[in-house]
Amino acid sequence: MQNLIDNDSKYSMPGSSIFIESSNTSTDVILKVRDQGIGMKREQIKKIFEPFYRVPTGNLHDVKGFGIGLHYVYSILKLMNGKISVKSELGLGSEFTVQFPKKAI
């Protein structure tokens, strides 16, 4: 969760809100993290869980990182038999949904 929140703050304007929601089913825990950030194109969404991939920010280098955070989240969830998905719209922000079995915690 820390990695998702950190990414939300990196790719959002100062003062933007980050929304966190949790729910559960009889078998799973579901966590959603939504921001009001820069959003992503469809082609970028397909790559964000790859190691070392970083969403390009043009000629600006104001977002620090190595591009391994989302890959790390994806890998940990895979070990827990969980999953992660993302919805995003360029200019409007992103929403990450994490789902994992209750028996994994």
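The values are calculated or read from the model by the stated rules, or taken from the named source; none is laboratory data. These figures come from a predicted structure and were not determined experimentally. All Cβ positions, glycine included, derive from the backbone under ideal geometry; neighbour counts span all protein chains shown. Calculation scope for accessible area: heavy atoms of the full protein, side chains included, ligands and nucleic acids excluded. Shrake-Rupley method; radii C 1.70, N 1.55, O 1.52, S 1.80 Å.
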*asked:* Checking the condition more than 14 Å from the chain's Cα centre (by Cα) and among the β-branched types (Val, Ile, Thr), which residue from Val55, Val29, Val33 passes?
replied: Val29
_Candidates Glu43, Glu21, Glu50, filtered to the one that is open to solvent by 40 Å² or more (accessible area, probe 1.4 Å), part of a loop (DSSP other than H, G, I, E, B) and out of contact with any Asp or Glu (no Cβ under 6 Å at 6 or more places or on another chain)_ = Glu50
*Output the residues belonging to region 69-97 that are under 12 Å from the mean Cα position of the chain (by Cα), surrounded by 13 or more Cβ atoms within 10 Å (Cβ to Cβ) and not in a helix (DSSP H, G or I).*
Lys83, Ile84, Val86, Lys87, Ser88, Gly93, Ser94, Glu95, Phe96, Thr97
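Anything in region 25-40 that is open to solvent by 40 Å² or more (accessible area, probe 1.4 Å) and at pLDDT 95 or above? List them, or say none.
Thr25, Ser26, Thr27, Lys32, Arg34
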